[in-house]
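Q: Below you'll find the structure I mean.
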Amino acid sequence: MREFVFALEYEPGCNGVADALADHPDARVRSLSLHATDDRLWRVDHATGTPDALADIEDAFLTSDYYADCLATDDCGATQTTQVLDRTDDTLVLYSDWERTPTCASVPHIARDHLGDGVLFETRHEGRHYTWRIVHSGEGDTAAFFDALEAALGDRARMEMLRAATTDTDAPTGDANGGSNGLTPEQEAALRAAVEHGYYESPREIDAGDLADHLDIPRSTLTYRLRRAEEHLAKQHVASEQLVDGPSTPLYSSH
């Protein structure tokens, strides 16, 4: 089995959910399930955020005629329905069903075209960044998939590769694009620059905007890379401690 993880960074006005999330930086949307056939796509998404954020996210899902991952630049005539499955003050669960047309393109359908059946998808949407994790058999043409995806995206979004690895348990672990710490080169560069320029000092010697200008990248891209790097290193640290210390002792005993 093979997996790869990449992020799409949407330009303003090119994805309704990305625009809504950009207005609410603390909100998130992640897929609970995502399935595609040749002519359909259906998914369940879990959104978290403030009531205002959830209202904007719901509106983006309900009013975008072909939001459900279609990459067409013009109205492709696809039919989508979205229903609210659950709602609380800080969570929203949405079910979307999408019937495509011959002019539609999407990440899952492009993956089916080039990687075959049995492909698994997981997504996370933060701000303008839409992260995809794809697991597949290892067959098919990965290069053709990314070529077709870039062609479908055009100038609406930039793509950044985050990880490519073999998921077989007997295969060596690591990151095909990163170093021994598992970070991608972009994450490594952002983290190194943040440390060198005092971003992590207290008080900070540089803010995110100035650091992004120094790296010549959008501020949202910088904060996204730093969050992903921090998340990875934190999980790596906790996992390494668990390996050394062994299983934690239960707080309570039944005896």
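Q: How many residues does region 151-195 contain that are open to solvent by 50 Å² or more (accessible area, probe 1.4 Å), of a type outside the set (G, A, S) and modelled with pLDDT under 60?
A: So the answer is 7.
Q: Pairs please, first residue from region 202-221 and under 18 Å from P25 (Cα atoms) and at pLDDT below 85, second anywhere and outside any helix (DSSP H, G or I) and small (G, A, S), Cβ atoms under 7 Å, 6+ apart in sequence or on different chains.
A: Qualifying pairs under 7 Å: S220/G127.
Q: From R112, R87, R128, R43, grab the single residue that is under 18 Å from the mean Cα position of the chain (by Cα) and open to solvent by 20 Å² or more (accessible area, probe 1.4 Å).
A: R128
Q: Which residue is surrounded by the most Cβ atoms within 10 Å (Cβ to Cβ), if the candidates are limited to region 7-26 and must be touching a helix residue (DSSP H, G or I) at 6+ places or on another chain (Cβ under 8 Å) and more than 17 Å from R219 (Cβ to Cβ)?
A: Ranking the qualifying residues of region 7-26, first place goes to A20.
Q: Please go through region 46-70 and pick out each residue that is open to solvent by less than 50 Å² (accessible area, probe 1.4 Å) and assigned to a helix (DSSP H, G or I).
A: Those that are open to solvent by less than 50 Å² (accessible area, probe 1.4 Å) and assigned to a helix (DSSP H, G or I): A53, L54, I57, E58, A60, F61.
The values are calculated or read from the model by the stated rules, or taken from the named source; none is laboratory data. A quick note: this is a predicted structure, and the numbers were derived from the prediction, not measured. Every residue, glycine among them, receives a Cβ derived from its backbone with ideal geometry; neighbour counts consider all protein chains shown. The area values use the complete protein model at the heavy-atom level, side chains included, leaving out ligands, DNA and RNA. Shrake-Rupley method; radii C 1.70, N 1.55, O 1.52, S 1.80 Å.
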